[in-house]
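First comes the structure, then the notes that go with it.
Laboratory data are not the source of any read-out in this text; all were calculated from the coordinates shown. Because the structure is a prediction, the values reported are computed rather than measured. Counting neighbours? That spans all protein chains shown, and the Cβs are built from the backbone with ideal geometry, glycine included.
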Amino acid sequence: MTKSKFFQAALLAIVLLLAGSDAMAQAKFSGYGIIMGPRGEDAERYSNAGLGFGGRVVVPFPAVYKLLAISAGLEVVNLLNKNTTFQDRLTGLRVQQQTDQTYNRLLFGAEIGPHGKGFFRPFAGVHMAVVYYEIRTDVVVPDDYEREKEIRQNLRRKGHFVFGSDVTFGLDLNFWNKWYLEGGVRYLKSFSVPQQLGEDAVKVHPEYVQVFLGVGFPLKNQTKANR
């Protein structure tokens, strides 16, 4: 099974599981754009800020739908090229490692906040996630006088599944109970991501800060659902 089919199947399974609940009468879906930047040495060494998109379903619990909900979603972010320079221990040559990463995240967790008909609906949440990194690593020996003569070799292109988590703070603005604007910030962390540097493979625990903004709508008409 390819990574894209895995994420699609997992997200569909979550939605179908939730669909059997009476809480779906109050559920909502949002799609959003993402700006994500590295935080700390483990992330900054191998990636630059990137852009992406995501979508999530929020389903309130029936008994406490105005306060507590479960949340599930999928995000894809392209972390831009990062150059890391080091000196080869055998030849003394200046060598660059160029890393490109695609960050795919399937998340599931809980959030607290009002889920009624009010206009201002702030929320906070915590999620666990399965993260798939697709990492391309090139090794380059640059030529200081003619760039065209640089020596380039693809070291590897490989995908890795790891676990991750996040803490989310956001706000949605509810317009006539028909659609809403949603935005916020997230602090994310991944665990044991393999990276390559020189001759040694290392595992890092990168952290990121994410800003998201999007639009959403209820999944079911509340009036019909309550009949």
Total charge of the residues flanking E111 in space, meaning their Cβ is under 13 Å from its Cβ, with Lys and Arg +1 and Asp and Glu -1, is +2
Yeah, the range 112-167 with a ≥ b ≥ c from its alpha-carbon gyration tensor (a/c under 1.5 is rounded, else prolate when a/b outruns b/c, oblate otherwise) is prolate
Neighbours of L171 by Cβ distance under 9 Å: Lys/Arg at +1, Asp/Glu at -1, summed charge -1
